Each structure stands twice: as structure tokens, then as C-alpha cells.
Amino acid sequence: MLESIRLKNFKSFADAEVKLAPLTVLVGANGSGKSNLLDALRLVQRLELGWTLTEALQGKREAGREVAPALRGGSMGLARSANALVELTLRWTWGSEPLTHGMGIEVRGEPTFRWERLSLSDPPLRIVDAVPVNVLALFKMKDQVSSQESPSGKQVITVSVPTEAHRSVFQKALSRLILTYAGPVLRTLEHSLFLEIAPSRMRGYSPQQDIELGAEGENISSVLWTLCQRDPDTQQEWIDWLSELCGPEIVGLDFSRTELGDVMLVLVERDGTRTPARSLSDGTLRFLGTLVALRTVRKGSLVILEEPETGLHPQRIHLLVEFLESLIRERGVQVILTTHSPQVLMALSPEALKSTVLCARAPEQEGTVLRRLGDLPHFEEVSQRSNIEHLFTTGWLERAL
């Protein structure tokens, strides 16, 4: 699980660190830095997938098509202060020991990697430093791995490799020895899901063989068709959730099929009305896409959502929160989401509410401030006298900083 993240000179952050929970909700005014925090995770994920720094910032194209868009702001929007080092530090729990992964990117003209570091704090402490070497040395030296014991008895492993200045040093430097320790965490990061449900991508037929849900919800019909074929009992779970969400009572799921084997989801109402995916509301498709994504993502994955309550009736938002919290307990999935909805906060369990993170700009502090609600002075005392919706909508949370 991702335990914390620290951001220095990254976008709106001067120097901020926050602890994360199995379910972390980010709240704050528009422009306070919520999406910037998610951009940091997106940047690190792209780099550990092997993208160059330029691709990670400016977007990636393959075979003439766009694979991923540019990070918001691109290279020019990366650093808060010009000619300064951007530092990103992620702390994970892996097994019984914490693992820290950090990187430094210098922004002086074109962004360039300066260092990347991995450390495990379980004795003996292992520190991995990946240091970029002058590209001109590429043909003069081979990868170098050295290990020595410091005076304190801690083992220090250093890996130095010649590498392109714009490619993640981490990808080039880590040997099998290092991957033994870091592999599980890196796989979690690589397979993190940035879910951006787009109802327009969910309304058409999808090929039966496409059994993986896309980040925008595409292939929803074929994924559900496959799940129902594999385990008919799971169909009732989807029906139960949709019946709670929708006005008309849903009693069944069916699928329209073409001669070519493409399928389209059809919801069946109690009176026999059949509504295909092409005619479902945006809110229904967003809700269903989120449910299916979180149910099918790998166990232990990190899932990032922005405003998942969009399109849901305020009285139905509690269903989404209930599903998220139950799934986190059941599958060990970690979820980070942003919201502007007081109904989301009102539906959270007490523990998740205390772990909610306020993103704010305070006049006396530089850059975005990150603070868990449970750490705000007198939060528990005040929240017992006044509901969270009142605290949220009146600005009490920001004043409590």
C-alpha cells in the first residue's frame, strides 16, 4: 500500500507531505492542488512503465496514434519555481517493511533526471542509488554495481549506469538483485488504474474477446458478459446494486449479440422494459463502470478516481461509498479519489473521514497545504456538534488550518 507521498517544488506544492489510507478522499476548493497530487502519481507511473521523461510529460504516441495525453501543463508546468529541483518521494508498505522510492528532476530549460533512489528500512538498511552518468561514457563503461558495509553496519548498494538524461534512471539501473526487493511495489505502481469513466465510450457494442475494462469504461458490455458467463451468480450482485441506484427496478441483465460476436449490455426492468447501454444515462454508466473496474482490477491495486459521484443523485451517492469501502476490505484495493460533494463525506465511515485529506492554500504558508481532517485542531470535537456537510460548505475546514 502507498503509505505517503511528499512533493517538493512540484506544480502548486512547495514542500508538502501527507499520509494515505486504504481509502483517501481529497477535498478542497478548485485550484487547491487535488489534481496536482494525482498528476504526481501519474508521472511516476509513466516513468516506471519505461517512458522517457519527455513522453511522460508531453504525451506518448505510437503508430501515429495518441497512447496517452500530455500531463497537464507539460514540461513547462512541472515545477513551481524555475531552475529548481522537483522531488517526488513515495513511501510504500511492502510485506513487513516500508520501502521508499524517490526521484529528483531538474527543471532548467528541458526537465532532466538528476537522481532516483530506492531504500528499504528493514535492517540491514539497503539503499539503492541510480546515478546518471555522462552520455558520452556510454561506449566506455558497463553497468556498475558495488556493495559495501557502512561503519554503522548497514549495507549500501550503489548502481551506476550510463543512461539517457531524459529516461528514468530507475529503469536502466535496477538489477535483478534490486528487483527482488522492489518488484512487488513497482508492479503495484505500474498497474495503478487512473479511472476516467467516459459514458460515450460505453454505449456501443464491444467484441466478446475484449475482456479487460478500459480506463474510460470501454468494453463494459463484453467484460460484464464474460463475468456473467464465468459465474452466473455474480449477475445478481450487479442487479442488486443497479436496483438501488436506478428509479425503475432492475431485475435482470441481458446482452444483445451480433453475428460477428459483439455484445451490448441490456438492463431489464420489472415491467419487461429493456434498455440497452446506448440509451442508459450518464450517471448509470458512470456508476456501473466504477463498480466493474474496482471489481475486476488486480487485488492490491491502487485506483485513482476524480469526482466519481458525477452524475449520481445525491441520495444515491452513499451506494458508491459503501461499495468502495466494502471492496477495499474484501480485495485489499487502495483508492484515492477527489470530490466536491459533501454527500461523499457524510457517507464515509468515521475512520475514512478522519483520513480525508484537505488540500488548501493558506496565506501564511507557501504552496498547497495537505492536512488530514483527523489532524485538524478540534476536528473530532467540532464534528460531533456539527455535521461534516456544514463544516465543508461553510469553510470551517480551511479556517482550521
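The values are calculated or read from the model by the stated rules, or taken from the named source; none is laboratory data. For clarity, every value in this text was computed on a predicted model and none was experimentally measured. Ideal geometry is used to build each Cβ from the backbone, glycine not excepted, and the neighbour counts take in all protein chains shown. Surface accessibility is based on the protein's heavy atoms, side chains included, excluding ligands, DNA and RNA. Shrake-Rupley method; radii C 1.70, N 1.55, O 1.52, S 1.80 Å.
Only one of (1) surrounded by fewer than 18 Cβ atoms within 10 Å (Cβ to Cβ); (2) part of a helix (DSSP H, G or I); (3) not hydrophobic (A, V, I, L, M, F, W, C) fails for Gly311. Which number is that?
Evaluating Gly311 over (1) surrounded by fewer than 18 Cβ atoms within 10 Å (Cβ to Cβ); (2) part of a helix (DSSP H, G or I); (3) not hydrophobic (A, V, I, L, M, F, W, C) leaves (2) as the failure.
Output the residues belonging to segment 214-227 that are under 25 Å from the mean Cα position of the chain (by Cα) and not in a loop (DSSP other than H, G, I, E, B).
Going through segment 214-227, the residues under 25 Å from the mean Cα position of the chain (by Cα) turn out to be 214-224, 227.
Scanning segment 214-227 gives Ile220, Ser221, Ser222, Val223, Leu224, Leu227.
Can you give me the number of residues within segment 317-330 that are over 19 Å from Ile220 (Cβ atoms) and either in a loop (DSSP other than H, G, I, E, B) or of a type outside the set (A, V, I, L, M) (or both)?
Within segment 317-330, residues that are over 19 Å from Ile220 (Cβ atoms) and either in a loop (DSSP other than H, G, I, E, B) or of a type outside the set (A, V, I, L, M) (or both) number 6.
I'm told Ile211 meets every condition in (1) open to solvent by 40 Å² or more (accessible area, probe 1.4 Å); (2) under 20 Å from Val333 (Cβ atoms); (3) not in a loop (DSSP other than H, G, I, E, B); (4) not charged (D, E, K, R) except one. Can you identify the failing condition by its number?
Condition (3) is where Ile211 drops out.
Which condition number does Thr356 fail, the rest of (1) over 22 Å from Arg316 (Cβ atoms); (2) open to solvent by less than 20 Å² (accessible area, probe 1.4 Å); (3) not acidic (Asp, Glu) being met?
Unmet condition: (1).
Go through segment 1-41 and give me each residue that's of a type in the set (Lys, Arg) and open to solvent by 40 Å² or more (accessible area, probe 1.4 Å).
Quick first cut of segment 1-41, residues of a type in the set (Lys, Arg) only: 6, 8, 11, 19, 34.
Within segment 1-41, Arg6, Lys8, Lys19 meet the criteria.
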